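Take a look at the structure set out below.
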Amino acid sequence: MKKVLILNVSHSEVLLIKALKEMGHYVIGTGGLTGQPGEKFVDTFIQADYSDKEKMLKLAVDNNIDAICANCNDFGVISAAYVAEKLGLPGHDTYENALTLHHKDKFKVFAQKHNLCTPKAVWFEDIKKAKQWAETSANFPVIVKPVDLTGGKGVSRADNTPEAIAAIESAFKISRIKHIVIEDFIDGTQHAMCTFLINKKVAAVCSNNEYSFKNPFKVEIDTYPSDNEDIARDFLVGQIEKIAEILNLKDGIFHVQYRMKNSTPYIIEPMRRVLGNLYGITSSKLNGFNWDYFQAKAYLGESLDDFPKNTKSNGFVAHRSIMSKKNGIVENILIPKEIEKYVFDRFMMYHSGIEIHNYMNDNLGVLFFKFSSREEMNHIMLDQYDDIQVIMK
Ligand SMILES: Nc1ncnc2c1ncn2[C@@H]1O[C@H](COP(=O)(O)OP(=O)(O)O)[C@@H](O)[C@H]1O
Ligand SMILES: [Mg+2]
């Protein structure tokens, strides 16, 4: 039995926590909030902010841990890499590599140097210089983003100089380290590819389409596999293995979001962590093995010899976050029977009377669906989108 620290206990870490418990380990959870869904599954919970890497190091030392698991957030990946490096723990990239992959400006520098297929970008630490660029050199439309946040926070599209100035101001305001990137807006469709690296080679692939209905920069529905998995796979696997080789990356999940334009997949951002919205439930259903279990083993530095070989995508699965259309008190969630019959699993944060403060970001729960064809999946998930309703008081 090992003593393992996991850096948050939200619904997004529940599968990882369960995998660790099933393996027989003693799990210490942390995180800024109490009362999160994963708290009841850990052996001990110590409230602390996982984005504070020095605090995480102290927690790790005080508790004499054997291994550390990142949570489903870029700050957590960076803190975990820092602690692992300081204490010589297994299963994490170097702190420098974690920053390169999770800070958007550092990734752009790296991508440019190594000719990766990612939208052309400029980056700024000085708001005046960013505004000057918007006034004199921008080629619209562009996307403006803080370099260090997730879930589309502070991200905007700008089609002209005044919009760019407003976007720059809001991105600078929200970025914790006060760095932003501005990149070419890539028209086209949005997707993601989750891979598992073993010895710097991709050992499994799971892909999906991404759809946003309420908030254009936050993914709300994923349908699996992606429309273009066959075209994207070889290209993206090549890009990912190139990154892994250059940076000497550790085993475990390597995920990219990409946008497909003229049959070219442009990498939007990489991530080395489990994905939000319990992605593991759908990816495990699609590929027939437990992604979280193998990620847990990677974090523990255990052998991955039992990782399944040559797995394929099988069937059509999807998940959807339940989001309301406005702030306020939620009375009920309506799911019509003809949609309900496709739901194979669910994880609800919702309870009657729950209050939504930020409807563009807050999830009331996640539904997981299984279909017999892509047509059926697209019909239920996209055409019938409005039939699942959040009723407000
Ligand atoms: N270059 C781009 N062209 C078009 N859309 C983009 C581009 N970059 C980001 N986006 C959109 O903004 C969203 C958030 O950007 P992303 O880089 O993924 O940041 P975050 O870390 O907040 O998820 C993406 O999911 C995508 O929909
Ligand atoms: Mg993203």
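The values are calculated or read from the model by the stated rules, or taken from the named source; none is laboratory data. What you are looking at is a predicted structure, and each value in this text was computed from that prediction instead of being measured. Glycine gets a Cβ as well: all are built from the backbone with ideal geometry, and neighbour counts include every protein chain shown. Protein only, heavy atoms only, side chains kept; ligands, DNA and RNA dropped before computing areas. Shrake-Rupley method; radii C 1.70, N 1.55, O 1.52, S 1.80 Å.
Give segment 123-141 a look and list any residue that's within 23 Å of Lys261 (Cβ to Cβ) and open to solvent by 40 Å² or more (accessible area, probe 1.4 Å), or say none.
The answer is Trp123, Ser137, Asn139, Phe140, Pro141.
Would you pick out the residues in segment 132-153 that are within 16 Å of ligand 2 (Cβ to nearest atom) and of a type outside the set (Asp, Glu)?
Ile143, Val144, Lys145, Pro146, Val147, Leu149, Thr150, Gly151, Gly152, Lys153
Residue pairs, Cβ under 6 Å, 6 or more apart or interchain, first in segment 170-192 and under 21 Å from Ser212 (Cβ atoms), second open to solvent by 10 Å² or more (accessible area, probe 1.4 Å) and of a type in the set (Val, Ile, Thr). List them.
Ile182/Val122; Glu183/Ile143; Phe185/Ile143
For the structure I just gave you, tell me whether Ser170 is among the hydroxyl-bearing types (Ser, Thr, Tyr) and away from ligand 2 (no atom under 15 Å from the Cβ).
It is true that Ser170 is among the hydroxyl-bearing types (Ser, Thr, Tyr) and away from ligand 2 (no atom under 15 Å from the Cβ).
Would you be able to say whether some residue in segment 186-208 is open to solvent by 10 Å² or more (accessible area, probe 1.4 Å), within 15 Å of ligand 2 (Cβ to nearest atom), part of a loop (DSSP other than H, G, I, E, B) and under 22 Å from Asn361 (Cα atoms)?
no
Which condition number in (1) basic (Lys, Arg); (2) touching a residue at least 40 places away in the same chain (Cβ under 8 Å); (3) surrounded by fewer than 23 Cβ atoms within 10 Å (Cβ to Cβ) is the one that Lys145 fails?
Evaluating Lys145 over (1) basic (Lys, Arg); (2) touching a residue at least 40 places away in the same chain (Cβ under 8 Å); (3) surrounded by fewer than 23 Cβ atoms within 10 Å (Cβ to Cβ) leaves (3) as the failure.
Within segment 121-131, can one find any residue that is within 16 Å of ligand 2 (Cβ to nearest atom) and of a type in the set (A, V, I, L, M, F, W, C)?
Among the residues of segment 121-131, at least one is within 16 Å of ligand 2 (Cβ to nearest atom) and of a type in the set (A, V, I, L, M, F, W, C), which makes the answer yes.
Among the residues of segment 266-277, is any under 23 Å from Gly88 (Cβ atoms) and either open to solvent by less than 30 Å² (accessible area, probe 1.4 Å) or touching an Asp or Glu at 6+ places or on another chain (Cβ under 8 Å) (or both)? Steps first, please.
Quick first cut of segment 266-277, residues under 23 Å from Gly88 (Cβ atoms) only: 272-273.
Now restrict to residues that are either open to solvent by less than 30 Å² (accessible area, probe 1.4 Å) or touching an Asp or Glu at 6+ places or on another chain (Cβ under 8 Å) (or both): 272-273.
Within segment 266-277 (the criterion being under 23 Å from Gly88 (Cβ atoms) and either open to solvent by less than 30 Å² (accessible area, probe 1.4 Å) or touching an Asp or Glu at 6+ places or on another chain (Cβ under 8 Å) (or both)), the answer is yes, since at least one residue qualifies.
From Phe307, Phe289, Phe316, Phe294, grab the single residue that is within 18 Å of Ser226 (Cα to Cα) and of a type outside the set (Gly, Ala, Ser).
Values: Phe307 fails: within 18 Å of Ser226 (Cα to Cα); Phe289 fails: within 18 Å of Ser226 (Cα to Cα); Phe294 fails: within 18 Å of Ser226 (Cα to Cα).
Of the residues listed, the single one that is within 18 Å of Ser226 (Cα to Cα) and of a type outside the set (Gly, Ala, Ser) is Phe316.
Tell me yes or no: at least one residue of segment 298-312 is among the small types (Gly, Ala, Ser), over 20 Å from Val205 (Cβ atoms) and not assigned by TED's automatic domain parsing to the domain that holds Asn8.
Yes.
Let's see how each residue does on (1) small (Gly, Ala, Ser); (2) more than 16 Å from ligand 2 (Cβ to nearest atom):
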{"site": "Asn215", "(1), (2)": "no, no"}
{"site": "Lys218", "(1), (2)": "no, no"}
{"site": "Asp222", "(1), (2)": "no, no"}
{"site": "Ser226", "(1), (2)": "yes, no"}
{"site": "Asp234", "(1), (2)": "no, yes"}
{"site": "Gly238", "(1), (2)": "yes, yes"}
{"site": "Ala244", "(1), (2)": "yes, yes"}
{"site": "Asn248", "(1), (2)": "no, yes"}
{"site": "Phe254", "(1), (2)": "no, no"}
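What number of residues within segment 215-264 satisfy the criterion of being charged (D, E, K, R) and either assigned to a loop (DSSP other than H, G, I, E, B) or more than 27 Å from Glu375 (Cα to Cα) (or both)?
8
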